[in-house]
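**Q** Got a structure for you, questions after.
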Amino acid sequence: MEIGFRNSYIFLLSVGKRPVMLQSVFPFRRGIGWHLLKASEELISRMSSSGEVYLHCRMIDEALFNMYTKADYKIVTTNSILVLLMLQRRKHLMCKKLPLTTMPSETDLSCSDDYE
């Protein structure tokens, strides 16, 4: 399946690894990835009129897959097992329908200044 030119695609969300000495001070799974995903979705819904966002999730990343399904992403397709011959990992293409939100117009912003 091809993602259309006008559709939004989250290419990379990355939360860096911590040095070993900081792992006991700052435990894993603090929700940083979830907040990055939600912030990306909000920005996309404000900037795009397509109403859909796509991303790829590697099949071996169970924690990420669970996070995406919890965020209402659905599997659109999974690439063929033949990608293993190209020394790549299999991935799911996932999609979510976003609610459309509008950015406040300049007139809305100028009207709110009158009451301050």
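**Q** How many residues does region 55-102 contain that are touching a Cys at 6+ places or on another chain (Cβ under 7 Å) and in a strand (DSSP E or B)?
**A** 5
**Q** Could you give me the residue pairs with C-beta distances under 8 Å whose first residue belongs to region 74-92 and is open to solvent by less than 80 Å² (accessible area, probe 1.4 Å), whose second residue is part of a helix (DSSP H, G or I) and modelled with pLDDT of 90 or more wherever it lies, and which are 6+ apart or on separate chains?
**A** Taking only residues 6 or more apart or on different chains, the pairs are 92/65.
**Q** Which condition number does residue 61 fail, the rest of (1) at pLDDT below 90; (2) open to solvent by less than 50 Å² (accessible area, probe 1.4 Å); (3) over 19 Å from residue 15 (Cβ atoms) being met?
**A** (3)
**Q** Can you spot a residue in region 17-25 that is in contact with a Cys (Cβ under 6 Å, 6 or more places away or on another chain) and either modelled with pLDDT under 90 or within 21 Å of residue 76 (Cβ to Cβ) (or both)?
**A** no
**Q** Another question, then. Can you pull out the residues in region 42-54 that are in a helix (DSSP H, G or I) and open to solvent by 40 Å² or more (accessible area, probe 1.4 Å)? Explain how you work it out, then say what you get.
**A** Taking region 42-54 as the starting set, the residues that turn out to be in a helix (DSSP H, G or I) are 42-47.
Of everything in region 42-54, those that are in a helix (DSSP H, G or I) and open to solvent by 40 Å² or more (accessible area, probe 1.4 Å) turn out to be 42, 43, 46, 47.
**Q** Could you tell me whether residue 97 is open to solvent by 50 Å² or more (accessible area, probe 1.4 Å) and farther than 17 Å from residue 41 by Cβ? Even if it seems obvious, please write down each step before you answer.
**A** Numbers: open to solvent by 50 Å² or more (accessible area, probe 1.4 Å): yes; farther than 17 Å from residue 41 by Cβ: no.
Criteria not met by residue 97.
The values are calculated or read from the model by the stated rules, or taken from the named source; none is laboratory data. Predicted, not measured: the structure shown is a model, and the values here were computed from it. For neighbour counting, all protein chains shown are included, and Cβ atoms are generated from backbone atoms with ideal geometry for every residue, glycine included. We work out accessible area using only protein heavy atoms, side chains counted, and drop any ligands, DNA or RNA first. Shrake-Rupley method; radii C 1.70, N 1.55, O 1.52, S 1.80 Å.
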